[in-house]
């Protein structure tokens, strides 16, 4: 390509459309690459390893790529997409994207956005280090890169990922190297789309069902009454005064309070090795399977640790709420251990992956007694005998649906839990 044309690209701060690029060459590498991409080994690779394989094979073919970035979107409440990065020095790594990325300057003024706007691939000469309106091109120029190519990867269902290749070679990408890049990208569309859809499906299932239930459904556990028995420690939490607050508080204030409360418990449960199975209005149901914990003692301790961790962080959240002129929130936790039915329950047309059983009902009833006994956390004797923490007996109580009175226990220093000053939590 003549230098004058390349200078014009820099001055105009944009790329050259793909239709003036050299056509793909009849190169033996293309056939080898296609066989690898459609072969049995590549089918087992996830998106990251597939991307790494593409970069490695292009490098082996003599294409002087020094940096490659693959961007594609997924459906996720926190990370709506991923950037896969590859460099010669570091190899491949993943960077999740935030929800505001689409509207950020780095995205709106980027080679990828330029390619989207044009509807075709583009290339940029950055060898002169001229300041452009695209931050990434300025950064690459300062790092010694000479040329960047951005190509689109159209998916069947409307999403259009992009991939960029950058080189530090003094001559940029030759005609043959550019042709190999053009030949390499289109066959990646279908394999990447299949993996992107599975990644999206997995993220949605884990977000709405929980980590373990989501993985079970993704693995094919989808038939009604497809359940298994398991023993687990159960944590059931309930927000205090929710009904009364729902009548007084504006809906946005109520939703914000619920989100803070749910996030608090979710972090504590996941940190302690458990899984939230369900949000039930203002209630939270979480389990800590004995099989995963290795013993009932570990499972019970994990459940108690989660309850204490969440309770200990509540004072700081309430301090922030008071600082904004908002009322504090409070919740109680009931803990029990027992056998549950875990799996798909529901109608032919509407299933729920959940846990049911007497143990779950008992944990729910115990949580109700947190209000009656003015305790932030209550445990049954079954779980109290397994945990390593000073406890006090709260006596025996008749619980609706349970024929025999149930002895309840509470952490000995309940006041320290309320104030967030318990040292062992």
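Which of these, 364, 295, 215, has the largest mean-square fluctuation under a Gaussian network model of the chain (Cα springs below 10 Å)?
295
Please compute the alpha carbon radius of gyration of the chain, then divide it by the globular-protein estimate 2.2 N^0.38 Å. Two decimals is fine.
Ratio of Cα Rg to 2.2 N^0.38 Å: 1.29.
As a test of the definition: which semi-axes, in Å, follow for the range 101-255 when you take the square root of five times each eigenvalue of its alpha carbon gyration tensor? Largest first, please.
In descending order the semi-axes read 47, 25, 14 Å.
Tell me the label-point distance for the pair residue 374, residue 231, using the 7 Å Cα-to-Cβ offset, in nm and rounded to one decimal.
3.7 nm
Rounded to the nearest 5, what % of DSSP beta bridges with both residues in the chain are antiparallel?
For the chain, the DSSP antiparallel bridge percentage is about 95.
Using only Cα atoms and rounding to the nearest 10 degrees, what angle (0 to 90) does helix 3-12 make with the longest principal axis of the chain?
40 degrees
Using square roots of five times the C-alpha gyration tensor eigenvalues, list the equivalent-ellipsoid semi-axes of the range 344-396 in whole Å, biggest first.
31, 13, 8
Summing -39500 (n - 2.57) over the DSSP H runs of n ≥ 4 in the chain and dividing by its residue number, what mean residue ellipticity at 222 nm do you reach, to the nearest 500 deg cm²/dmol?
Helices in the chain give a 222 nm mean residue ellipticity of -13000 deg cm²/dmol.
To the nearest 10 degrees, how steeply does helix 47-60 sit against the main Cα axis of the chain, on a 0 to 90 scale?
It is inclined by approximately 20 degrees.
Tell me the angle of helix 189-209 to the major Cα principal axis of the chain, expressed in degrees between 0 and 90 and rounded to the nearest ten.
The answer is roughly 20 degrees.
Let me understand the range 211-419 better: what is its radius of gyration from the alpha carbons, and its Dmax, in angstrom?
17.2, 49
Quick check on packing: order 256-264, 144-152, 370-378 by the mean number of other C-beta atoms within 10 Å, highest mean leading.
144-152, 370-378, 256-264
Bear in mind that the values in this text are calculations on the coordinates, not laboratory data. As the structure is a computational prediction, the values presented were derived from the model and not from experiment. Glycine also receives a Cβ, built like all others from the backbone with ideal geometry; neighbour counts cover every protein chain displayed.
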